[in-house]
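The values are calculated or read from the model by the stated rules, or taken from the named source; none is laboratory data. Please read these numbers as outputs of a predicted model, since none were measured by experiment. When we count neighbours, we look across all protein chains shown, and the Cβ atoms used for this are built from the backbone with ideal geometry, even at glycine. Ligands, DNA and RNA are excluded from the accessible area calculation, which covers all protein heavy atoms including side chains. Shrake-Rupley method; radii C 1.70, N 1.55, O 1.52, S 1.80 Å.
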Amino acid sequence: MKFIILLTLSISACLPNLLQAQALGEEAYLDYFLGQSTARYNVNNENGIAKSIFLHNLPSNAITGFIHTNSVMNQIDGAFGTLNTPLRYTPSNGFLFDVQGSTFGEWDATGILHLRRIFKTEDNDYNKQKTLRYYLLTNGNRLQQKVDQNQDAYLDLALKDRIFLHNQLDYSGKNFFLNNGFRFLRVKEQGGQLRYQPNMDYMTNNAYGTGLDLHLFSLQSDNRISLRTQDELSINFYASHNTQEHYLGQRLYQGREWLTKLTMYYDLRLDNDFDAFQFGMNYRYQHIQENLDSVSIDQLFLDRKEHVSGGFFGYETYPHPKVQLRMRLNANFHNIEGPVIFPHLKINYKAWKNHLLLGVFGGGGMRYANIVADNWQFLRSSRQVDLQERLDAERSWYYGISAYYSQHFHPFYITANGQFYVRHYLNHTVVDLDTNPYKISFYNLDGNAFKTSLDLDLKIQLPEPYNFSLNIDYRYDFFRTTIGGLLRSVPFYPEHNFVISPEYRLMIFPRNSHRFTLFILNMTLNVNSPQRIPSLDAKIKGTYPRTSPWIHRWDMKVSLPLQTWFRGHSKWKNFTLYFGIDNLLDMIQETPFLNPEAPFNPNFDGGMIWNSSVGRRYYFGAVYKF
């Protein structure tokens with residue numbers, strides 16, 4: 001039995017909306033900016049084997065952006081970060097339909113229905129009225145046209161059929177709020193060689209094919225009840241189940257997962273408005289079953305059941321008008337790790353009115369790595385899985401400083417977020433691609449592992465009549481871990497990541513009339529520094545590059561509100577047309593496969609991916625809403 005005490009606090013940053021130029025069949029922002037860091041995130045309550053597939057199949061035109069939190073106080077794995085994706089809404093009692101397609105033969109359609117009914121009292125007291133709201137989001141995506149721009153006889157984009165459904169019902173009254181909903185995701189993909197035919201070549205060596213078949217269903221219920229003027233009781237429930245099957249050539253993976261979470265939380269706020277207490281109980285059950293290459297799950301230690309139960313106590317206060325102090329003590333029992341205690345602490349200091357906010361933090365946490373789901377791309381090769389020991393939970397602690405700044409300088413408004421922190425790993429699941437190019441080895445950390453990070457977010461807005469905004473995000477990760485007895489950089493993990501996203505609205509101001517938007521221009525530039533590539537010299541004649549080049553990806557989108565272009569014609573007032581270009585610079589990884597002509601040869605490797613193989617692509621779409 002192990003006894004763990006860790007110190008944690010939470011800091012968060014709301015990342016800007018960088019989805020305007022995101023591709024249909026690629027997730028540019030996720031792949032280029034966040035990259036491998038998402039492997040350890042908790043994504044919209046999902047942290048298991050379906051997390052990455054769920055994140056990469058959320059429709060880009062159905063969410064408003066990404067909210068990244070470096071740690072969460074009330075989750076056992078929250079110190080590794082969370083990523084939430086708020087859904088796109090329409091005005092009350094409205095409907096939105098967004099359809100788009102590309103020159104590659106992709107089609108994507110999203111429908112959003114938002115109904116709201118307000119029940120007023122006889123005296124029209126706003127505080128007594130009740131509100132019923134229904135929200136429905138559906139999405140379908142299809143690609144059945146084969147694309148091979150780099151002429152390597154392999155599909156650049158996997159053929160895909162996707163269905164996504166989100167259904168939600170809210171009810172709010174004077175003293176309570178109820179939110180209940182469910183989600184369903186079905187994804188079916190097929191990639192590999194151009195000549196691969198699933199009905200003839202599945203699990204044979206006739207042609208190399210890859211595929212995915214996923215079913216994911218989740219239920220969520222969030223309920224809040226006000227017991228006094230400022231007190232609140234929250235009861236939250238989440239459950240999900242997913243099944244998935246992947247095949248890569250003659251390699252087959254099957255996985256199943258059950259997840260249940262229950263949290264009860266009471267927030268007691270004193271009448272002085274300075275002090276608050278939190279009490280809560282929580283329970284989580286997660287069962288993961290995996291089978292790879294027909295090897296029993298007991299041999300690979302891929303069958304895991306987790307039971308986590310406990311409670312937490314928190315306290316918030318203002319010891320000084322400019323200082324906020326937040327503390328929390330989590331006490332849980334983990335069926336594998338034993339008693340786990342997490343004290344949490346966060347301190348904020350208002351340094352300059354409402355313009356500058358400073359913070360200090362430190363933290364830690366534990367999680368279990370999902371070695372197959374987190375490293376699926378490396379199994380697209382001849383590499384054999386080498387797992388000699390049962391993997392322990394990952395544990396880390398970190399500390400750092402944060403700053404938030406906002407100021408209005410006529411005529412523009414500027415906001416900036418920054419966090420600098422250092423993370424030290426007590427244990428880390430090592431992914432070893434270096435020791436043997438014919439194996440992918442997983443083992444517990446035997447040495448040092450650390451990551452130094454700097455996150456910067458700058459946003460500049462110029463209001464009318466300029467109508468210009470600029471988002472600049474920078475992420476620095478100096479990640480080192482002990483691989484094969486040597487302290488090395490983590491492969492395919494760029495140290496420098498930039499996203500630059502300007503937006504411009506051209507508006508006209510007729511006399512004695514309302515202003516009109518003529519067009520909206522969005523651009524996104526992603527820049528990544530070179531990435532380390534594991535040694536592959538044994539698989540080829542000659543030498544293989546040890547680092548990738550710098551990556552530059554430029555996407556652009558133009559939106560045209562038809563109300564402006566066809567003034568006086570009411571039938572066009574609800575339509576917006578848009579078109580765009582992805583990867584305008586046409587920068588691709590020309591040889592993503594090693595020895596592609598012999599995919600069943602031991603020297604074949606399709607996992608050394610550091611850039612997209614999809615070149616310049618044009619797309620178009622239309623939005624209708626009322």
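Please go through segment 359-373 and pick out each residue that is crowded, with 19+ Cβ neighbours inside 10 Å and either closer than 25 Å to P534 by Cβ or among the hydrophobic types (A, V, I, L, M, F, W, C) (or both).
Correct list: F361, M366, R367, Y368, A369, N370, I371, V372, A373.
What tally of residues in segment 155-186 results from selecting those that are out of contact with any Phe, Trp or Tyr (no Cβ under 9 Å at 6 or more places or on another chain) and of a type in the set (A, V, I, L, M)?
Going through segment 155-186 one residue at a time, the tally reaches 2.
Does K573 satisfy the condition of being open to solvent by less than 20 Å² (accessible area, probe 1.4 Å), over 25 Å from P502 (Cβ atoms) and not polar (S, T, N, Q)?
Judged against the criteria, K573 is not a match.
Are there strands (runs of 3 or more DSSP E) fully within segment 37-112 with at least 1 residues that are aromatic (F, W, Y) and either modelled with pLDDT of 85 or more or closer than 26 Å to R133 by Cβ (or both)? List them.
Those strands (runs of 3 or more DSSP E) span 66-69, 94-102.
Considering each of A538, A598, A622 in turn, give the residue that is of a type outside the set (S, T, Y) and assigned to a strand (DSSP E or B).
A622
State the number of residues belonging to segment 219-274 that are on the phi > 0 side of the Ramachandran plot and of a type in the set (V, I, T).
0
Just to be sure I understand, how many residues within segment 346-383 are within 19 Å of L426 (Cβ to Cβ) and part of a strand (DSSP E or B)?
The total comes to 7.
Being of a type outside the set (D, E, K, R), farther than 15 Å from A39 by Cβ and out of contact with any helix residue (DSSP H, G or I) (no Cβ under 8 Å at 6 or more places or on another chain) is true for just one of G359, G363. Which residue is that?
Testing whether each residue is of a type outside the set (D, E, K, R), farther than 15 Å from A39 by Cβ and out of contact with any helix residue (DSSP H, G or I) (no Cβ under 8 Å at 6 or more places or on another chain) leaves just G359.
Is it the case, given these coordinates, that L169 is open to solvent by 70 Å² or more (accessible area, probe 1.4 Å), modelled with pLDDT of 90 or more and outside any loop (DSSP other than H, G, I, E, B)?
yes
Any chance you could count how many residues in segment 86-116 are open to solvent by 10 Å² or more (accessible area, probe 1.4 Å) and in contact with a helix residue (DSSP H, G or I) (Cβ under 6 Å, 6 or more places away or on another chain)?
Number of matching residues: 1.
Any chance segment 126-135 includes a residue that's in contact (Cβ under 8 Å) with a residue 60 or more places away in the chain, under 30 Å from E46 (Cα atoms) and either assigned to a strand (DSSP E or B) or of a type in the set (S, T, N, Q) (or both)?
no
State whether the residues of segment 141-158 include one that is open to solvent by less than 60 Å² (accessible area, probe 1.4 Å), in a strand (DSSP E or B) and without any contact (Cβ under 8 Å) to a residue 60 or more places away in the chain.
no
Where in segment 228-333 are the strands (runs of 3 or more DSSP E), entirely inside, with at least 1 residues that are touching a residue at least 24 places away in the same chain (Cβ under 8 Å) and within 30 Å of N206 (Cβ to Cβ)?
232-248, 251-269, 276-292
Out of the residues in segment 215-255 that are among the charged types (D, E, K, R) and surrounded by 17 or more Cβ atoms within 10 Å (Cβ to Cβ), which is farthest from Q190 (Cα to Cα)?
Filtering first and then ranking leaves E232.
Looking at segment 265-295, which of the residues that are open to solvent by 60 Å² or more (accessible area, probe 1.4 Å) and under 18 Å from F342 (Cβ atoms) is modelled with the lowest pLDDT?
Per the criteria, the residue is F279.
Return yes when Y493 is in contact (Cβ under 8 Å) with a residue 24 or more places away in the chain and assigned to a strand (DSSP E or B) and no when it is not.
Judged against the criteria, Y493 is not a match.
Within segment 335-345, how many residues turn out to be closer than 13 Å to E306 by Cα and either in contact with a Ser or Thr (Cβ under 9 Å, 6 or more places away or on another chain) or not in a strand (DSSP E or B) (or both)?
3
Condition test on Q129, is it under 25 Å from V99 (Cβ atoms) and either at pLDDT below 85 or open to solvent by 60 Å² or more (accessible area, probe 1.4 Å) (or both)?
So Q129 does not fit the description; no.
Tell me which of these H410 doesn't satisfy, since it passes every other one: (1) open to solvent by 60 Å² or more (accessible area, probe 1.4 Å); (2) over 20 Å from P491 (Cα atoms); (3) touching a residue at least 12 places away in the same chain (Cβ under 8 Å).
The number of the failed condition is (3).
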